[in-house]
Amino acid sequence: MADGSVQQSEGNRANGYAQLDANSQVTVPFLGDISAARVKIDETALSRTLAAVLRNTNVVQDYLHADGRQEDAPRLDHFIASHCGSVIHVSQGFIIPANANGEALFPARDCPTGQNSNWVYEGQPLTTRGTPTTLRTPDDLHESRANGTLSFSKRKKNDTGTAPGIYMQMENEAVLPRVPTGDGGSMAQSVAMLGMNVVQEPGAKASLNGLEITMQDYGTDTNASQVQGAGISTLKHGAGSDWALSLAGYDFSARQPDTVLSYTGLENDVQVNGDDTTAALWDPTQGGRHLVWLGGNTTNSWPRWSPGGRVSAGSIIQGNHQLWIAMNDGMTGGGNDPTSTWPITGVHPDGTVRWKWQYGYDGVISKAIWIVSSSDPAMLSAFDEGIATNARIRNAFIDLTAEQLIADRAAAIRLRQGDPIDFSGDGTQAGKNQHVIVAGNHASPDGRDAGGLNIRIRNHETASFADDQSFVTAGRTHLATGEDATLAWHDHAYPTGLTIGHSRIMPDQTDLVMGQNGLEMVGTNQKGEIGRTPVLTLPATASADGGITAININTPLHLLGLTQARILTLPPQPDGTLLNNIDTGTPVIAEHGHWYPLLLGPPLQEGSK
């Protein structure tokens with residue numbers, strides 16, 4: 001009788017039948033090839049043959065001599081091509097085929113694109129020289145649990161897809177109760193896709209990294225390919241708060257940091273080889289290395305308006321730096337893009353579609369870097385410095401020469417009133433705020449309150465440029481003359497454009513004022529209020545320039561008094577010079593090289609004219 005037929009009535013013997021126990025289980029192992037047989041497990045029939053099922057868990061050891069001989073290479077190539085897309089197990093002690101010099105002879109991979117295999121190693125593969133290595137078949141994922149480490153490696157080459165070596169997906173639909181925060185509010189609980197608890201135990205003397213990424217770039221595609229140690233993209237489609245990268249550090253040590261590097265929230269080091277582009281010293285667009293690169297761009301993810309296009313209600317288009325949402329199904333009209341003429345208010349017909357404004361689409365980033373302290377005063381949070389450095393700067397610590405201010409009231413640097421700019425610069429506690437510029441309040445020369453930009457030296461207001469266009473100094477003042485040897489003047493005589501100290505004349509003080517009327521001496525009372533009438537006015541146009549305006553004196557005039565003998569010994573004086581002869585009590589005037597007394601009338605008396 002043929003093999004395979006039942007030739008004996010006794011079970012569990014050759015050419016007999018297989019017996020079942022009380023649990024309907026076969027009591028004798030199967031021998032021979034049963035891969036073509038249909039199987040049934042737990043009352044569920046499998047539509048595939050056993051060979052097809054076992055193919056996904058092939059053991060590569062069974063196909064090799066496992067001693068590293070070169071003839072193993074073609075057998076391994078055949079095995080890989082026969083099991084594309086499978087999970088391939090590599091047993092402990094597997095030896096990779098080697099060349100004559102003992103180096104690993106990596107097999108070729110001849111599988112259709114997309115049919116990648118997953119290699120699982122029970123131990124670290126070796127070459128014939130005992131060097132630990134991996135197969136590194138292109139586009140396959142290699143997984144190893146050797147040396148107590150779970151590791152994944154991938155050599156991407158032929159596959160044109162962008163699938164990563166490890167992919168995780170999580171869809172959160174949990175509704176969890178909010179937890180209270182220290183400031184009396186509450187926050188949503190976090191659900192993590194990947195959670196790690198890394199602990200540095202007491203007594204440990206080794207650096208510990210929660211996540212360590214080592215990236216090596218040997219590429220030659222200059223500036224065309226980006227190589228990123230960590231690439232994180234957060235796509236916002238909802239109304240929640242989204243953070244591309246959130247770092248939170250908590251210091252529970254209850255002690256001062258031992259060194260300046262004792263606690264760091266985020267460290268970003270670039271260790272460079274060679275000089276940076278020379279032009280970077282004065283052209284910030286030419287710098288080749290950046291510790292932090294911030295870019296704000298419009299996503300351009302929304303389509304633009306097109307004529308004769310079918311849209312549905314809720315469709316969004318971009319146009320004229322705005323987003324527009326369709327209110328109904330329909331067809332757009334013909335002609336040119338109409339969005340450039342649409343205001344952001346109202347409903348705009350377009351063919352059979354009606355559009356309304358959604359929001360602006362200028363790609364505006366509200367803050368490039370935003371440093372905040374807690375809003376709860378009880379938490380006592382503060383920064384010593386917002387931005388500080390002790391680095392050697394070749395060009396400028398802050399360089400804004402290439403910026404573009406696109407709003408009327410934009411500013412390169414903006415400070416609130418009362419915040420000083422400190423030029424002390426010695427880095428000591430005693431040297432703080434010794435030489436500052438600060439925007440503050442200022443009392444103008446005419447007694448009005450006005451704002452001003454003040455220069456403060458050692459806590460004293462030294463000079464102030466006021467909003468009323470006056471300039472005020474304290475202490476001694478040194479003024480330089482202009483190109484025409486005259487002081488620059490203000491458009492108006494009152495209030496003063498220039499004030500030079502105070503000098504006592506009668507009960508009032510006098511300010512020297514350069515105004516539209518010329519050089520004036522204006523009386524100032526004890527309250528600092530400037531008078532309306534100058535005591536002395538030198539006309540703005542001198543007689544040498546053709547002017548005929550006389551000097552205006554609005555105060556008693558005192559002549560210099562000299563004895564007659566002294567007057568006669570004076571060198572020749574210009575005609576019209578006046579002096580007072582104290583011997584005779586008579587004014588004298590110089591004319592044509594001689595002194596002439598002025599004739600005085602009778603004394604003034606009550607009722608006289």
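A few points about this structure:
- Members of region 397-407 found to be surrounded by 10 or more Cβ atoms within 10 Å (Cβ to Cβ), among the aliphatic types (A, V, I, L, M) and under 16 Å from ASP283 (Cβ atoms), listed by number: LEU400
- Region 115-136, subset at pLDDT below 75 and open to solvent by 20 Å² or more (accessible area, probe 1.4 Å), residue nearest to LEU150 (Cα to Cα): THR134
- Residue check, ARG394 surrounded by fewer than 12 Cβ atoms within 10 Å (Cβ to Cβ), modelled with pLDDT of 90 or more and part of a loop (DSSP other than H, G, I, E, B): no
- Residue pairs whose Cβ atoms lie under 8 Å apart, sitting 6 or more positions apart in sequence or on different chains, and linking a residue in region 279-299 that is closer than 14 Å to ALA368 by Cβ and open to solvent by less than 100 Å² (accessible area, probe 1.4 Å) to a partner that is of a type in the set (Gly, Ala, Ser) and at pLDDT below 80, are GLY296/GLY363.
- When region 216-226 is limited to residues that are at pLDDT below 80 and either under 24 Å from the mean Cα position of the chain (by Cα) or among the polar types (S, T, N, Q) (or both), the one that is nearest to MET187 (Cα to Cα) turns out to be GLN226.
- The one condition from (1) at pLDDT below 60; (2) surrounded by fewer than 11 Cβ atoms within 10 Å (Cβ to Cβ) that ASP508 does not meet is (2).
- Just so you know, in region 459-474 the residues that are of a type in the set (Asp, Glu) and part of a loop (DSSP other than H, G, I, E, B) include one that is farthest from GLY418 (Cα to Cα), and it is ASP468.
- Picking from residues in region 173-198 that are part of a loop (DSSP other than H, G, I, E, B) and open to solvent by 100 Å² or more (accessible area, probe 1.4 Å), the one that is modelled with the lowest pLDDT is SER190.
- On inspection, ILE166 qualifies as within 33 Å of the chain's Cα centre (by Cα), among the β-branched types (Val, Ile, Thr), open to solvent by 80 Å² or more (accessible area, probe 1.4 Å) and under 30 Å from GLY93 (Cβ atoms).
- Qualifying residue in region 334-356 (condition: hydrophobic (A, V, I, L, M, F, W, C) and within 27 Å of TRP243 (Cβ to Cβ)): no
- Only one entry in SER306, SER207, SER315, SER241 is modelled with pLDDT of 80 or more and open to solvent by 100 Å² or more (accessible area, probe 1.4 Å), namely SER207.
- Restricting the search to strands (runs of 3 or more DSSP E) fully inside region 303-371 and requiring at least 2 residues that are within 30 Å of ILE413 (Cα to Cα) and of a type outside the set (Lys, Arg) gives 353-360.
The values are calculated or read from the model by the stated rules, or taken from the named source; none is laboratory data. The shown structure was predicted, so the numbers you read here are calculated from the model rather than taken from an experiment. Note that we place each Cβ from the backbone using ideal geometry, even for glycine, and neighbour counts take in every protein chain shown. SASA here: full protein model, heavy atoms, side chains in, ligands and nucleic acids out. Shrake-Rupley method; radii C 1.70, N 1.55, O 1.52, S 1.80 Å.
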